[in-house]
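The values are calculated or read from the model by the stated rules, or taken from the named source; none is laboratory data. From a predicted model like this one, the values you see are computed outputs, not experimental measurements. Counting neighbours? That spans all protein chains shown, and the Cβs are built from the backbone with ideal geometry, glycine included. Just the protein is used for accessible areas: all its heavy atoms, side chains included, with ligands, DNA and RNA removed. Shrake-Rupley method; radii C 1.70, N 1.55, O 1.52, S 1.80 Å.
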Amino acid sequence: MRRILLSNDDGYTAAGLQCLAERLMGFADVTVVAPDRDRSGASNSLTLLHPLRAERAANGFFYVDGTPTDCVHLAITGLLASEPDIVISGINHGANLGDDVLYSGTVAAAMEGRSLGLPAIAVSLASAQPRHFATAATVIERLLAALQPHTLPADTVLNVNVPDVPYAELRGFEATRLGHRHKAEPVVRGQDPRGRPIYWVGPPGLAADAGPGTDFHALAAGRVSVTPIHADLTRHNALQALRHWCEEAL
Ligand code: MN
């Protein structure tokens with residue numbers, strides 16, 4: 001039986017996590033280790049300056065007073081009796097498209113699994129008020145069945161975004177690249193009860209690079225977007241020019 005480590009960034013009580021856990025438990029040995037609260041936007045942060053506690057909820061889920069990355073790191077390197085076969089993160093409440101993946105705790109949890117040598121999938125339901133979690137759960141079930149004979153390429157995480165519609169209304173699956181967004185909206189300024197300024201980080205920018213082949217485009221067409229991502233941020237095609245500059249800079 002396949003052993004699955006399931007995490008998320010919306011917290012251990014999130015509906016998306018509950019839905020996916022229940023579905024996976026039908027055919028796999030599932031352990032849930034998730035943050036004790038909503039840590040969306042936590043990116044790949046690790047807690048280094050205080051200890052972590054893992055408590056167990058009545059339903060068996062572990063909840064941790066740390067980030068999504070902490071959860072997966074802790075689970076694989078000490079909490080679990082044996083290593084899982086795969087790490088799955090989600091179902092996130094909201095899309096993770098283009099530049100979102102740099103901020104996403106959902107993607108980060110999957111990345112941490114991959115960093116520790118395991119195949120990993122991040123899954124998000126693309127809607128501000130997500131409803132059809134069952135659709136995303138079925139998508140993951142199908143993907144796992146399809147991936148079984150193969151393994152994901154090393155260092156690669158699958159970033160899956162699912163339209164928020166009944167499964168029968170999906171227009172297929174599409175392998176995509178990440179698109180890009182315009183720069184984010186400005187922060188929203190307010191005032192605390194003592195008259196001091198406070199700031200809310202504003203919404204992300206609208207899609208900019210969103211043509212055919214991108215994750216944005218697949219979703220807009222009603223298809224499940226599956227993007228292979230990796231952590232290599234090097235701009236390889238800028239290396240040559242920079243080498244010349246470095247030689248001259250001395
Ligand atoms: Mn989230």
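Some observations on this one:
- When each of Gly213, Gly222 is tested for being under 29 Å from Ser115 (Cα atoms) and under 21 Å from the mean Cα position of the chain (by Cα), the lone residue that passes is Gly213.
- For Asp99, the conditions (1) open to solvent by 60 Å² or more (accessible area, probe 1.4 Å); (2) more than 16 Å from Ala120 (Cβ to Cβ); (3) out of contact with any Phe, Trp or Tyr (no Cβ under 6 Å at 6 or more places or on another chain) all hold with the exception of (1).
- Exclusive hit being surrounded by fewer than 23 Cβ atoms within 10 Å (Cβ to Cβ) and either in a helix (DSSP H, G or I) or in contact (Cβ under 8 Å) with a residue 12 or more places away in the chain (or both), set Arg23, Arg39: Arg23
- Looking across the range 64-88, the residues that are outside any loop (DSSP other than H, G, I, E, B), crowded, with 20+ Cβ neighbours inside 10 Å and either β-branched (Val, Ile, Thr) or out of contact with any Pro (no Cβ under 7 Å at 6 or more places or on another chain) (or both) come down to Val64, Thr69, Asp70, Val72, His73, Leu74, Ala75, Ile76, Ile86, Val87, Ile88.
- Checked against (1) more than 13 Å from the ligand (Cβ to nearest atom); (2) free of Cβ contacts under 8 Å to residues at least 60 places away in the same chain; (3) over 23 Å from Val162 (Cβ atoms), Phe61 passes all but a single condition, namely (3).
- Among residues of the range 136-159 that are closer than 15 Å to Leu116 by Cα, those with a beta-carbon under 6 Å from a residue that is part of a helix (DSSP H, G or I) and open to solvent by 20 Å² or more (accessible area, probe 1.4 Å) at least six positions away or on a different chain give the pairs Val157/Met111; Val157/Arg114.
For every residue, the table says whether it meets (1) among the hydrophobic types (A, V, I, L, M, F, W, C); (2) within 15 Å of the ligand (Cβ to nearest atom); (3) in contact with a Ser or Thr (Cβ under 8 Å, 6 or more places away or on another chain).
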position: Met1; (1), (2), (3): yes, no, no
position: Leu24; (1), (2), (3): yes, no, no
position: Thr31; (1), (2), (3): no, no, no
position: Thr47; (1), (2), (3): no, no, yes
position: Ile76; (1), (2), (3): yes, no, no
position: Asp85; (1), (2), (3): no, no, no
position: Asn96; (1), (2), (3): no, yes, yes
position: Tyr103; (1), (2), (3): no, yes, yes
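- Count - residues of the range 105-141 that are more than 13 Å from the ligand (Cβ to nearest atom), surrounded by fewer than 22 Cβ atoms within 10 Å (Cβ to Cβ) and small (Gly, Ala, Ser): 3
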